[in-house]
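**Student:** Okay, here's the structure, questions in a sec.
The values are calculated or read from the model by the stated rules, or taken from the named source; none is laboratory data. For clarity, every value in this text was computed on a predicted model and none was experimentally measured. Virtual Cβ from ideal backbone geometry, glycine too; neighbours counted across all protein chains shown. Side chains included, ligands, DNA and RNA excluded: accessible areas come from the protein's heavy atoms. Shrake-Rupley method; radii C 1.70, N 1.55, O 1.52, S 1.80 Å.
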Amino acid sequence: MTCFSSTDESAHYGFSVCMLLEQYRSRLRWEEEGVVELGSGDATAISDVVRALPGLRVAGYDISATSVEAARANIADRGVADRYTVEPGDFFDQADAAGGPPVSTVISNPPYIPAPDGDIVMPELWGGVRGNDLVLRLLKAGYDNVITAVASYSDPLETVRTAEDLGYRVVNFLAMGLDYGTYSSEPKVRDHIRRLCAEGRGWAGDDQYMVAIALFTRNPDVPGDRAEQLLRALQIAV
Ligand SMILES: C[S@@+](CC[C@H](N)C(=O)[O-])C[C@H]1O[C@@H](n2cnc3c(N)ncnc32)[C@H](O)[C@@H]1O
């Protein structure tokens with residue numbers, strides 16, 4: 001079993017989470033409550049955020065035992081073990097066992113690789129047939145604030161419209177162009193992405209796509225709605 005590895009994407013995730021938490025510091029109440037994380041990977045991205053934001057506590061979960069081992073070592077190396085923990089297991093089982101969302105904010109760079117089935121290079125990164133299964137589950141899990149990656153080839157229109165139906169607004173986001181890496185380049189995945197985009201369920205260029213880290217909220221104290229800008233940044237016609 002391997003550990004997720006994509007330096008540019010992890011840096012984009014960490015930087016964007018830091019920006020969004022900082023920008024909406026008082027409204028999101030993360031200093032009082034802490035946040036939870038679905039899929040910490042090797043934890044390098046968010047360890048740096050925890051170092052940068054002294055009031056932040058993060059309870060992370062990862063389904064991959066190899067990732068949890070790497071995460072714990074990286075967290076210890078960076079000296080943030082008192083404020084960042086990573087436990088093994090399925091995030092949704094842990095949340096259910098705790099009796100629902102213990103805090104109001106969840107952060108995630110969730111699995112979003114679309115493929116006909118989960119038999120891909122790293123099965124833990126399978127996001128279902130359209131790639132957005134995990135982000136949709138997160139939006140239905142009951143958190144008021146969801147900071148999550150949204151990929152341009154994983155049916156972002158369905159994600160945003162489902163979020164709206166659930167009462168969320170897109171408060172803000174940071175979008176970045178990424179080149180296909182190990183996981184998107186797998187021929188079975190690449191062909192599937194091409195089909196999805198041809199059906200109007202996403203956008204990808206030649207070996208490149210867009211990923212936005214977006215803050216979805218149901219909290220009336222956090223103003224703004226940039227859903228249409230998010231879709232346009234992901235190259236989706238609205
Ligand atoms: C795209 S990687 C992101 C890793 C890290 N956050 C980063 O950005 O570098 C997604 C991670 O989610 C984990 N994962 C997948 N399904 C999960 C689940 N149901 N519960 C917890 N972790 C999960 C995978 O093992 C993987 O490490």
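**Student:** Ignoring ligands, DNA and RNA, how do LYS188, LYS140 rank by accessible area with a 1.4 Å probe, largest first? Provide the component values of the computation, followed by the final result.
**Tutor:** Working: LYS188 65, LYS140 135 Å².
These residues rank, largest area first, as LYS140, LYS188.
**Student:** Related question: Starting from the amide H of GLY41, placed 1.01 Å from N in the peptide plane, find each other amide H under 5 Å away whose residue is 5 or more places distant or on another chain.
**Tutor:** Correct list: empty.
**Student:** Tally Lys and Arg at +1 and Asp and Glu at -1 over the other residues with C-beta under 9 Å from the C-beta of GLY181: what net charge comes out? Please list the in-between numbers first.
**Tutor:** Working: positive: none; negative: ASP8, GLU9, ASP179.
Local net charge: -3.
**Student:** Separate question: Rolling a 1.4 Å sphere over the protein heavy atoms, what is the accessible area per residue of the chain, to the nearest Å²?
**Tutor:** On the way: 10230 Å² over 238 residues.
Per residue, the chain has an accessible area of 43 Å².
**Student:** A further question on this structure: What are the ³J(HN,Hα) couplings of the range 50-56, residue after residue, when phi is run through the Karplus curve with 6.51, -1.76, 1.60 and θ = phi - 60°? Round to Hz, x for glycine and proline.
**Tutor:** Taking θ as phi minus 60°, the curve returns 4, 5, 6, 10, x, x, 8 Hz for the range 50-56.
**Student:** When you count, for each residue, the other Cβ atoms within 10 Å and take the mean per peptide, how do 209-215, 56-62 rank with the highest first? Spell out each step's value before the answer.
**Tutor:** Details: 209-215: 24.7, 56-62: 22.6.
Descending mean neighbour count gives 209-215, 56-62.
**Student:** To continue, here is another question. Cα-based Rg (one decimal) and Dmax (whole number) for the range 7-233, in Å?
**Tutor:** Radius of gyration, then largest Cα-Cα span, for the range 7-233: 16.5, 47 Å.
**Student:** Counting only other residues whose beta carbon sits under 14 Å from that of ARG169, what net charge do I get with K and R as +1, D and E as -1? List each step's numbers first, then the result.
**Tutor:** Working: positive: ARG27, ARG161, ARG218, ARG226; negative: ASP144, GLU164, ASP165, ASP221, ASP225, GLU228.
Surrounding charge for ARG169 is -2.
**Student:** Carbon and sulfur atoms: what percent of the 1.4 Å accessible area of the chain do they account for?
**Tutor:** Details: 4990 of 10230 Å².
Accessible surface attributable to carbon and sulfur in the chain totals 49 percent.
**Student:** Got a sec to turn the phi values of the range 108-116 into Karplus ³J(HN,Hα) couplings, 6.51 cos²θ - 1.76 cosθ + 1.60 with θ = phi - 60°, whole Hz, x for Gly and Pro?
**Tutor:** These are the phi-based 3J(HN,Hα) values: 6, 10, x, x, 9, 6, x, 6, x Hz.
**Student:** Would you rank ARG51, ARG72 by solvent-accessible area, highest first, keeping every protein chain in place and using a 1.4 Å probe?
**Tutor:** Values: ARG51 140, ARG72 115 Å².
Sorted by accessible area, descending: ARG51, ARG72.
**Student:** Applying the Karplus parametrisation 6.51 cos²θ - 1.76 cosθ + 1.60 with θ = phi - 60° to the phi angles of the range 195-207, what ³J(HN,Hα) value in whole Hz is obtained for each residue in order, glycine and proline being reported as x?
**Tutor:** Rounded to whole hertz, the list is 5, 4, 5, 5, 7, x, 9, x, 9, 8, x, 6, 6.
**Student:** Considering only C-alpha atoms, what is the centroid distance from the range 99-167 to the range 168-234, in Å?
**Tutor:** Centre-to-centre distance over Cα atoms comes out at 11 Å.
**Student:** Suppose only helical runs count, i.e. DSSP H with n ≥ 4. What mean residue ellipticity at 222 nm does that imply for the chain under -39500 (n - 2.57) per run, divided by all residues and rounded to the nearest 500 deg cm²/dmol?
**Tutor:** On the way: 11 runs with 94 residues, N = 238.
Roughly -11000 deg cm²/dmol at 222 nm, from the helical runs in the chain.
**Student:** Name the residue farthest towards the positive end of the dipole of the chain from the options LEU157, SER108, GLN94, assuming +1 on Cβ of Lys and Arg, -1 on Cβ of Asp and Glu, about the Cα centre.
**Tutor:** With unit charges placed on the Cβ atoms, the residue in question is LEU157.
**Student:** Report relative contact order for the range 1-146 in percent, whole number only (criteria: Cα-Cα under 8 Å, sequence separation at least 6). Kindly include the intermediate steps, with their values, before the conclusion.
**Tutor:** Values: 250 pairs, mean separation 32.9, N = 146.
Value for the range 1-146: 23 percent.
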